[in-house]
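Chemist: The structure's right below; bear with me while I get my questions together.
The values are calculated or read from the model by the stated rules, or taken from the named source; none is laboratory data. Being a predicted model, the structure only gives us computed values, none of them experimental. Note: ideal-geometry Cβ built from the backbone for every residue, glycine included; neighbour counts use all protein chains shown.
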Amino acid sequence: MPPPWPERSPEPRPVSDRWQKAGGFDRLHQVLLADLNADGELDWSRTCVGGSHIRAKEQS
């Protein structure tokens, strides 16, 4: 569970590094995709996966 937003945060609320490090955005993305998929709102026939953010394994 990500940490709560600060109580005295001005609107719009800034993105908290703690919230991101706690996995808040990853969890939100998973829930959103699951809900859209359950409602039949996703067209998986046009899906692609990118790995540009994944670090390459170093060779030994």
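Chemist: Does at least one position in segment 38-58 carry a residue that is surrounded by 10 or more Cβ atoms within 10 Å (Cβ to Cβ), touching a helix residue (DSSP H, G or I) at 6+ places or on another chain (Cβ under 7 Å), of a type outside the set (Asp, Glu) and at pLDDT 80 or above? Give the steps one after another, and end with the answer.
Modeler: Initially, segment 38-58 is screened for residues surrounded by 10 or more Cβ atoms within 10 Å (Cβ to Cβ), giving 42.
Filter once more, so that each one left must be touching a helix residue (DSSP H, G or I) at 6+ places or on another chain (Cβ under 7 Å): 42.
Filter once more, so that each one left must be of a type outside the set (Asp, Glu): 42.
Next, only the ones that are at pLDDT 80 or above stay: 42.
Looking through segment 38-58, at least one residue is surrounded by 10 or more Cβ atoms within 10 Å (Cβ to Cβ), touching a helix residue (DSSP H, G or I) at 6+ places or on another chain (Cβ under 7 Å), of a type outside the set (Asp, Glu) and at pLDDT 80 or above.
Chemist: Moving on to the next point. Among the residues that make up segment 12-25, is at least one of them surrounded by fewer than 10 Cβ atoms within 10 Å (Cβ to Cβ), at pLDDT below 75 and assigned to a loop (DSSP other than H, G, I, E, B)?
Modeler: The answer is yes, given that some residue of segment 12-25 is surrounded by fewer than 10 Cβ atoms within 10 Å (Cβ to Cβ), at pLDDT below 75 and assigned to a loop (DSSP other than H, G, I, E, B).
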